[in-house]
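Heads up, the thing below is written out as structure tokens.
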Amino acid sequence: MKTSPVTTADLRGSVISVPPMPRHADGSINIEANVKLLDHLRAGSVTTFMYGGNANFYNLGVAELGTVLDALTPRLAANDWLIPSVGADYGKAAEQISLLRERAFPTAMVLPLRFPATPAGAASGIAKLAARYGKPVIAYVKDEGYINNADVAALVKDGAVCAVKYAIVRKDPKQDAVLADLVQKMGADLIISGIGERPVIDHFRGFGLRAFTSGSTCVAPALSNRIREALHANDDATAAAVRELFMPLEDARDGYSPIRILHAAVDLAGIAATGPIGEFLSTIDDAAVLKELAGIAKTLLAHNQAALDQPQRKAA
């Protein structure tokens, strides 16, 4: 398991998966199912696992965070990188950070609090969490107005933030004044494209980003990794062609619920039994939606298997 400080090479070396958290019927962590999902990701050359919204870490208690991480850590391979999340409220995040100080993770992502919060307050809170941790954290910029770009850049310069997950959704990802301004203020090296496969080509080419997160990679990690390799090889045609395979699942996630659809898709594809999502969220129970999703997930998984059966030469 990675324990060394975060570098740009770490951010670029794997698709940053954002997996769901398989649970038993009583809500407790299902270790066997989680291991199956991790094995599936590794088989597609995805070795970074960021546990956040898709895993419903927003509703994870302090003690439960320790239980979950201690259950997952022994199942990690030497080259795996697990990124836990804390928060979203400051009080819980501070207690979770204290718990993480007893463990070897090199960073944690601070989940964004939408209310009650102000941009200056968010910047101050993130700085205090990093100081409490004694390590830099990852800032998660999900909404306009959550935090000022100048403050984000200052947190990076001060060593409080080691990376920024940028996930403000735009109708046209080529047109993003906030992202352009953030890149101007702090450079692109430490900014992660945080909205999956749909905007990643535009984020790489238009703004110079070089790392990205994906939830749908949990169904098709080999394909998602192929996009990553193609982008780093400046092969946009391949990246665009492979990205199209993800669009039915991404459309379903955008149309219903990114978290709930992904949670169901991993199960329906036969990768791992995901069970309930956790508190304050419910699983998809519409039979028509589940039938449609099963076809989408299994088709994407079949494309992933074809990619594994006919591997491409890795980009230098």
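No value in this document is a laboratory result; all are computed from the given coordinates. Only a predicted model underlies this, so the values are computations on that prediction, with no experimental measurement involved. Positions of Cβ are generated from backbone atoms using ideal geometry, with glycine treated the same way; all protein chains shown enter the neighbour counts.
Points worth noting:
- In percent, rounded to a whole number, the relative contact order of the chain is 21, using alpha-carbon pairs under 8 Å and six or more apart.
- Distance violations [Cα-Cα > 30 Å] among 36/174; 174/291; 2/92; 92/165: 36/174; 174/291
- Label separation (residue 154 vs residue 170): 2.5 nm, computed from points 7 Å beyond Cα along the C-beta direction.
- For region 8-309, the residue among 78, 133, 44 whose Cα projects farthest onto the positive side of the dipole built from Cβ charges is 133.
- Order by protection proxy (mean Cβ within 10 Å, highest first), peptides 186-194, 7-15, 22-30, 207-215: 207-215, 186-194, 7-15, 22-30
- Overall, region 8-309 carries a charge dipole of about 520 debye about its Cα centre when +1 sits on the Cβ of Lys and Arg and -1 on the Cβ of Asp and Glu, all other atoms neutral.
- GNM result for the chain, Cα springs below 10 Å: residue of 286, 176, 80 fluctuating most strongly: 286
- Beta-bridge orientation, region 8-309: approximately 5 percent antiparallel, per DSSP, counting only bridges with both partners inside.
- Quarter the surface of the alpha carbon convex hull of region 31-121 and you get the mean projected area, 6.5 square nanometres.
- Overall form of region 8-309 per C-alpha gyration tensor (a/c, 1.5; a/b vs b/c): oblate
- Gain on full stretching of the segment that runs from residue 89 to residue 184 - 0.36 nm per residue minus C-alpha separation: 31.3 nm
- Within region 13-89: Cβ-based charge dipole about Cα centre, in debye rounded to nearest 20 (Lys, Arg +1; Asp, Glu -1): 220
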